[in-house]
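Sharing a structure, written as structure tokens. Questions coming.
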Amino acid sequence: MDNRIGGRPTLTPTLSRPGGRGGIPSPRLIQRCPVGCDAQLVTSAIVLPEGPLLRCAACGQLVSQITTAAYLRSMAAFDSPGFNRPSGSESARRVALARRRLARAGRLLGKSPGEISLIDVGCSRGDFVAAAAQLGFHAEGVEPAPQIAAAARDRGLTVHQGLLEDQRFPAARFDVATLFEVIEHLPAPMALLQECHRILKPGGILIASTGNTASWTVAAMRARWDYFHVAQDAGHVSFFNPRSIALIAARTGFGVAHIGTTRVRFVEESAAPRWLYRLSKIAAEFANLPARLLGTGHDMLIYLRRAP
Ligand SMILES: [Zn+2]
């Protein structure tokens, strides 16, 4: 599992050219660097079924060559109330992870939970919202998939259905906004970061998690890393590294408060004999600590601060 709390979100972007019907060729979903660079996208050596990932010559962001039509099909397959329902042990792991993330946000803000209002964007079934509410945070969620949002509300949580932009929250409404495993799904993430900036108080914290392409995992596995596979993980199309994160943050009015990475993997369980997978797990255990220290783990957790 990736280092996620709410699991894969279901943010459906607003697209003006769905395409792909009636024999009209569907356009490529991502035409330029999602981080906002004015630089060419060049072919990388990571070759997927949709074609090689393209790399921004300026920031190193990797993007899928998937068509808009194929992307929309992959996103539509996941709106079900049972989606992302964790097992008991996975549930406990997510709560512990949520508590660590919330504690760091509290320290960065210098506030106690009862003084902090929080919005989890792409909240899925609301696991992170529930963990935050339990600790005394004023926590709400936004989830675009109707059935999943309804399942979260059935748990007694405050979860708004739709896109963040549709909620029309007042400016400077929240102390914390979170985007867990969201930005890698978006062909144009800058608009969402700008909306997060608008609804955050000056000095507020945006927490995001996503994969790290400047990781030993990617160096070792390249196209074999599951995370790159759009159909397997519902629409991953845009892949960050610490440099591209810092650039998109600066371009949307944020400063980087903290970037941490964890975990390394050399072999996917589904693609290797059992003995090789076990051996690679042991090697990955040894690599975890140096990867954490060097910033070369594949799970990236980012704390951004809205400029005061
Ligand atoms: Zn770029």
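The values are calculated or read from the model by the stated rules, or taken from the named source; none is laboratory data. Treat the numbers as computed from the prediction; the structure is a model and nothing was measured. Ideal geometry is used to build each Cβ from the backbone, glycine not excepted, and the neighbour counts take in all protein chains shown.
Take the stretch 268-292 and flag every residue that is in a helix (DSSP H, G or I) and small (Gly, Ala, Ser). Walk me through how you get there before you give the answer.
Start the filter on the stretch 268-292 by keeping residues that are in a helix (DSSP H, G or I), which leaves 269-271, 274-292.
Listed by number, the residues that qualify are Ser270, Ala271, Ser280, Ala283, Ala284, Ala287, Ala291.
Let me ask something else. Does at least one position in the stretch 37-44 carry a residue that is modelled with pLDDT under 85 and either within 16 Å of the ligand (Cβ to nearest atom) or under 24 Å from Arg155 (Cβ atoms) (or both)? Show your work before the answer.
Step one: of the stretch 37-44, the residues modelled with pLDDT under 85 are none.
No, the stretch 37-44 contains no residue that is modelled with pLDDT under 85 and either within 16 Å of the ligand (Cβ to nearest atom) or under 24 Å from Arg155 (Cβ atoms) (or both).
Separate question: Which condition from (1) of a type outside the set (Asp, Glu); (2) at pLDDT 95 or above; (3) crowded, with 18+ Cβ neighbours inside 10 Å is the one that Met75 breaks?
(2)
Here's a follow-up. Restricting the search to the stretch 53-67, which residues are surrounded by fewer than 20 Cβ atoms within 10 Å (Cβ to Cβ) and more than 15 Å from the ligand (Cβ to nearest atom)? Working first, answer last.
Initially, the stretch 53-67 is screened for residues surrounded by fewer than 20 Cβ atoms within 10 Å (Cβ to Cβ), giving 57-58, 65, 67.
The answer is Gln65, Thr67.
Test Glu115 against the stated conditions and say whether it is touching a residue at least 40 places away in the same chain (Cβ under 8 Å), within 27 Å of Phe169 (Cα to Cα), acidic (Asp, Glu) and out of contact with any helix residue (DSSP H, G or I) (no Cβ under 7 Å at 6 or more places or on another chain). Write out each step before concluding.
On the way: touching a residue at least 40 places away in the same chain (Cβ under 8 Å): yes; within 27 Å of Phe169 (Cα to Cα): yes; acidic (Asp, Glu): yes; out of contact with any helix residue (DSSP H, G or I) (no Cβ under 7 Å at 6 or more places or on another chain): yes.
The answer is yes for Glu115.
Enumerate the pairs (first residue in the stretch 285-296 and at pLDDT below 85 and among the aliphatic types (A, V, I, L, M); second residue anywhere and assigned to a helix (DSSP H, G or I) and surrounded by 12 or more Cβ atoms within 10 Å (Cβ to Cβ)) with beta-carbon separation below 9 Å, excluding pairs fewer than 6 apart on the same chain, so at least 6 apart or on different chains.
From the stretch 285-296, the pairs are Ala287/Trp216; Ala291/Trp216; Ala291/Thr217; Ala291/Ala284.
Considering every residue within the stretch 236-253, establish whether at least one is within 16 Å of the ligand (Cβ to nearest atom), in a loop (DSSP other than H, G, I, E, B), in contact (Cβ under 8 Å) with a residue 40 or more places away in the chain and touching a Gly at 6+ places or on another chain (Cβ under 6 Å). Give the derivation first.
First pass over the stretch 236-253, keeping only residues within 16 Å of the ligand (Cβ to nearest atom): 237-252.
Filter once more, keeping what is in a loop (DSSP other than H, G, I, E, B): 237, 240-241, 252.
Among the residues that remain, those that are also in contact (Cβ under 8 Å) with a residue 40 or more places away in the chain are: 237, 240-241, 252.
If we keep only those that are touching a Gly at 6+ places or on another chain (Cβ under 6 Å) as well, we get 241.
Yes, the stretch 236-253 contains a residue that is within 16 Å of the ligand (Cβ to nearest atom), in a loop (DSSP other than H, G, I, E, B), in contact (Cβ under 8 Å) with a residue 40 or more places away in the chain and touching a Gly at 6+ places or on another chain (Cβ under 6 Å).
Also: Given the conditions (1) surrounded by fewer than 21 Cβ atoms within 10 Å (Cβ to Cβ); (2) closer than 30 Å to Arg32 by Cα, and given that Phe254 satisfies all but one, which numbered condition is not satisfied?
So the condition that Phe254 fails would be (1).
Give the stretch 263-283 a look and list any residue that's farther than 24 Å from Val63 by Cβ, touching a residue at least 24 places away in the same chain (Cβ under 8 Å) and surrounded by 17 or more Cβ atoms within 10 Å (Cβ to Cβ), or say none.
Keep residues of the stretch 263-283 that are farther than 24 Å from Val63 by Cβ, which gives 266-267, 269-270, 272-283.
Subsequent filtering for residues that are touching a residue at least 24 places away in the same chain (Cβ under 8 Å) retains 266-267, 270.
Hits for the stretch 263-283 are Phe266, Val267.
Quick one: in the stretch 153-201, of everything that is under 27 Å from Phe239 (Cα atoms) and β-branched (Val, Ile, Thr), which residue is surrounded by the fewest Cβ atoms within 10 Å (Cβ to Cβ)?
Only one residue tops the list, namely Ile199.
For every residue, the table says whether it meets (1) over 30 Å from Arg265 (Cβ atoms); (2) modelled with pLDDT under 95.
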{"residue": "Ala105", "(1), (2)": "no, no"}
{"residue": "Leu108", "(1), (2)": "no, no"}
{"residue": "Val129", "(1), (2)": "no, no"}
{"residue": "Ala133", "(1), (2)": "yes, no"}
{"residue": "Gln147", "(1), (2)": "yes, yes"}
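If you take the residues in the stretch 153-167 that are part of a loop (DSSP other than H, G, I, E, B), within 22 Å of the chain's Cα centre (by Cα) and free of Cβ contacts under 8 Å to residues at least 60 places away in the same chain, which one is nearest to Ala188 (Cα to Cα)? So that I can check it myself, show each step before the final result.
Step one: list which residues in the stretch 153-167 are part of a loop (DSSP other than H, G, I, E, B), which gives 155-158, 162-163.
Adding the requirement that they be within 22 Å of the chain's Cα centre (by Cα) leaves 157-158, 162-163.
Now drop any that are not free of Cβ contacts under 8 Å to residues at least 60 places away in the same chain, which leaves 157-158, 162.
Working: Leu157: 29, Thr158: 27, Gly162: 17 Å.
Among them, the one singled out is Gly162.
So, one more: In this structure, is Ala98 assigned to a helix (DSSP H, G or I), touching an Asp or Glu at 6+ places or on another chain (Cβ under 9 Å) and closer than 23 Å to Leu193 by Cα? Quick ask: steps written out before the conclusion?
Details: assigned to a helix (DSSP H, G or I): yes; touching an Asp or Glu at 6+ places or on another chain (Cβ under 9 Å): yes; closer than 23 Å to Leu193 by Cα: yes.
In short, yes.
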